[in-house]
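Report on the structure given below.
The values are calculated or read from the model by the stated rules, or taken from the named source; none is laboratory data. Predicted model, so just to flag it, every value in this text is computed and none were measured. Neighbour counts run over all protein chains shown; Cβ positions are idealised from the backbone, glycine included. All accessible areas refer to the heavy atoms of the entire protein, side chains included, with ligands and DNA or RNA removed. Shrake-Rupley method; radii C 1.70, N 1.55, O 1.52, S 1.80 Å.
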Amino acid sequence: MKYVFYVLGILILTLGISFTIQSDLGTSPFDALLVGLSINVGLTVGSWEIILALLLIVCNSFLKRHRPEVLGLLTAFITGIGIDMWLFLLHHLITPELWYSKVVCFGIGLVVIGLGTATYLNTNFAPIPVDRLTLIIQELTRTNIFFSKTFIYLVFLIMAMFLNGPIGVGTLLTVCLGGLILNYFMTYTEKVLSRILTHSSTSPNYDKDENHSI
C-alpha cells in the first residue's frame, strides 16, 4: 500500500508541475531551470529532471557523507516520465489565454504540487534528490522545511535566470508560498497516510483472528 501512495504522490506532483508550466505565469525555480535547459540545450523537460537528479544524488551523498541514494534516481525517473506525460496530455487540453484563467491554472498547480510532494515524501521511500536535499538542509540547519525549501528555490532561481527559464509572477509566488503549502500538507498527509497504512497492515491480522475464533 505504501508504494501505491508513493507512485500516486509523484503522479499528483507532476500533474501540478505541468499545470504551472501550462499557466505561462512562471514555474518553480527548479522547474524553470528544467524548462530553460530543455529550450536552450534540447531534450525534454522530464529528461533534464533525470539528468539533474544524478548530479544532486552526488551532491547529497557528499553533504550526508553516505553512499549515494540510487533509489532517488528511480523517483526522478518516474517524475521525469510523469512530467512529459502530463505535458503531452495537457498541451492541447489546457492552454489558458486570459489572465484569470492563467491564475486559476497556476493556483491549482501550486496546491497540487504541495499535496503530491507531501504524499510521496511521507511514504519515506526514495525522495526525489532535490527533495532529499531540502530535507538534508533542514536537518543541517536545524530549521523547518519552509526555510530549507525557500533557500533551495532561491539558488535554482538564479540558475534559471541565466538560462532564460519561464520566470514570472508565478515563480515569486512559488518561492513565497511553496514552502508554506508543503509544510501544511506534510502534517496533514502524515496523519492520513499513517491512519490508512496502519489500518491496512492490521486488517489481515483481524481477519485471521476472526477466522480462528470461528
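Taking (1) open to solvent by 30 Å² or more (accessible area, probe 1.4 Å); (2) among the aliphatic types (A, V, I, L, M); (3) at positive phi in turn, residue 157 satisfies each apart from (3). Looking at the structure I just gave you, is residue 17 open to solvent by less than 20 Å² (accessible area, probe 1.4 Å) and not small (Gly, Ala, Ser)? Judged against the criteria, residue 17 is a match. What residue, among those in segment 20-53 that are touching a Phe, Trp or Tyr at 6+ places or on another chain (Cβ under 7 Å) and not small (Gly, Ala, Ser), is nearest to residue 77 (Cα to Cα)? Of everything passing the filter in segment 20-53, 50 is nearest to residue 77 (Cα to Cα).
Restricting attention to segment 124-180, the residues being in a loop (DSSP other than H, G, I, E, B) and at pLDDT 85 or above number 6.
Could you look through segment 71-86, keep only residues that are open to solvent by 30 Å² or more (accessible area, probe 1.4 Å) and within 20 Å of residue 20 (Cβ to Cβ), and pick out the one that is nearest to the chain's Cα centre (by Cα)? Before you say what the answer is, go through the steps one by one.
Step one: filter segment 71-86 for residues open to solvent by 30 Å² or more (accessible area, probe 1.4 Å), giving 71, 73-74, 77-78, 81, 84-86.
Next, only the ones that are within 20 Å of residue 20 (Cβ to Cβ) stay: 78, 81, 84-86.
Working: 78: 11, 81: 13, 84: 14, 85: 15, 86: 14 Å.
The residue in question is 78.
Considering only residues that are among the polar types (S, T, N, Q) and free of Cβ contacts under 8 Å to residues at least 60 places away in the same chain, look in segment 35-67 and name the one that is nearest to residue 168 (Cα to Cα). Restricting to residues being among the polar types (S, T, N, Q) and free of Cβ contacts under 8 Å to residues at least 60 places away in the same chain, the top hit is 38. Restricting attention to segment 22-70 and to residues that are out of contact with any Pro (no Cβ under 8 Å at 6 or more places or on another chain), assigned to a loop (DSSP other than H, G, I, E, B) and among the polar types (S, T, N, Q), the residue that is most open to solvent (accessible area, probe 1.4 Å) turns out to be 44.
Restricting to segment 71-96, name every residue that is part of a loop (DSSP other than H, G, I, E, B) and out of contact with any Lys or Arg (no Cβ under 7 Å at 6 or more places or on another chain).
94, 95
Could you check how many residues of segment 133-149 are surrounded by 16 or more Cβ atoms within 10 Å (Cβ to Cβ) and of a type in the set (S, T, N, Q)? Qualifying residue count for the region: 3.
Among the residues of segment 58-77 satisfying the criterion of being closer than 17 Å to residue 155 by Cβ and of a type in the set (A, V, I, L, M), which is modelled with the lowest pLDDT? Steps first, answer last, please.
Within segment 58-77, the first condition is being closer than 17 Å to residue 155 by Cβ, and the residues that meet it are 58-60, 62-63.
Add one more test, that the residue is of a type in the set (A, V, I, L, M), and what stays is 58, 63.
On the way: 58: 88, 63: 84.
Only one residue fits best here, namely 63.
Quick check: is even one residue across segment 97-109 open to solvent by less than 70 Å² (accessible area, probe 1.4 Å), in a helix (DSSP H, G or I), out of contact with any Cys (no Cβ under 9 Å at 6 or more places or on another chain) and under 15 Å from residue 30 (Cβ atoms)? Yes, because at least one residue in segment 97-109 is open to solvent by less than 70 Å² (accessible area, probe 1.4 Å), in a helix (DSSP H, G or I), out of contact with any Cys (no Cβ under 9 Å at 6 or more places or on another chain) and under 15 Å from residue 30 (Cβ atoms).
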